[in-house]
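Data block below; observations after.
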Amino acid sequence: MSLLWFNFSGRYFFTWSGDKSIVYARLSPGEEDSGGLVAEVHKLAFEKAEELKRDYVIIDGAPGIGCSATSSIVGVNYVVVVTEPTMSGLHDLKRIVETLKCLKREFGIVINKYDINSVVSREIEDYCLNEGLDLLGKIPFDETVVKASMECKSVITYESSPAAESIKKHSEDS
């Protein structure tokens, strides 16, 4: 069963994937403001979680630091910030950290593709250390992630994946 709703900037859906319920959206072509659409998806996800008696909701939030990213954060208990080792990634990380502090949200940081730029990865690690931020882990660049996405599978189902091994290691350490 799938259900469909409309918003001024797109459509949003509720459906199932196996035993997992999913709420997602599609931004209409030419629309720039997805904050309202994100808010609607967020609201529906929490309503469905309550209706289905789910203990938690996982939100794959919008990238960046704009309105849609902030809408993804509102009302959540914990945020996992995923950054990449580029100068713009570091810049956006610092801005989203300030936003999270203002919103009084608990959070931790993951460096994705940490091995593509060791200099900026080290800067991110130093920033986390100097600011007392929780660095949850570092995931290496791995082409298996693209393959997993194309096959609609989780990367952790691939045994020879460096990214999967890193994720599994860090989740065991927690």
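Miscellaneous remarks
- The residues of segment 28-169 expose, per residue, 62 Å² of accessible area to a 1.4 Å probe.
- Around the amide H of PHE107, modelled in the peptide plane, lie the amide H atoms of VAL79, all under 5 Å away and 5 or more residues distant in sequence or on another chain.
- Cleavage-rule hits (GluC sites (Glu not before Pro)) in segment 104-174: DSSP loop, at most 16 neighbouring Cβ within 10 angstrom: GLU143, GLU151, GLU159
- Each residue was assigned an accessible area with a 1.4 Å probe, and for TYR24 the value is about 80 Å².
- Legend: residues CYS67, CYS128, sorted from most to least accessible area (1.4 Å probe; ligands, DNA and RNA excluded), read CYS67, CYS128.
- Derived scalar couplings between HN and Hα for segment 73-82 equal 8, 4, x, 8, 8, 8, 10, 9, 8, 9 Hz in order, rounded to whole Hz, by the Karplus curve 6.51 cos²θ - 1.76 cosθ + 1.60 (θ = phi - 60°), x for Gly and Pro.
- Principal axis extents of the C-alpha atoms in the chain (largest first, rounded to whole Å): 45, 39, 34.
- Mean residue ellipticity, 222 nm, helices only, the chain: the sum of -39500 (n - 2.57) across DSSP H runs of n ≥ 4, divided by residue count and rounded to 500, is -13000 deg cm²/dmol.
- Lys/Arg +1, Asp/Glu -1 at C-beta; the chain dipole; positive extreme among GLY137, ILE59, SER21: SER21
- For segment 82-174, the average shadow cast by the Cα convex hull is 6.6 nm², which is a quarter of the hull's surface.
- With DNA, RNA and ligands ignored, accessible area of LYS101 (1.4 Å probe; Å², nearest 10): 90 Å²
- Overall dimensions of segment 118-159 as given by Cα atoms, namely Rg and Dmax in Å: 14.3, 40
- Relative to the Cα centre, the charge distribution of segment 34-141, modelled as +1 at Lys and Arg Cβ and -1 at Asp and Glu Cβ, gives a dipole magnitude of about 120 debye.
- Solvent-accessible surface (1.4 Å probe) assigned to ASP115 amounts to roughly 80 Å².
- The chain - percent of accessible surface contributed by carbon and sulfur, probe 1.4 Å: 53 percent
The values are calculated or read from the model by the stated rules, or taken from the named source; none is laboratory data. All values derive from a computational prediction rather than experimental measurement. So basically every Cβ, Gly included, is an ideal-geometry build from the backbone, and we count neighbours across all protein chains shown. Keep in mind that these areas ignore ligands, DNA and RNA; they rest on the heavy atoms of the full protein, side chains included. Shrake-Rupley method; radii C 1.70, N 1.55, O 1.52, S 1.80 Å.
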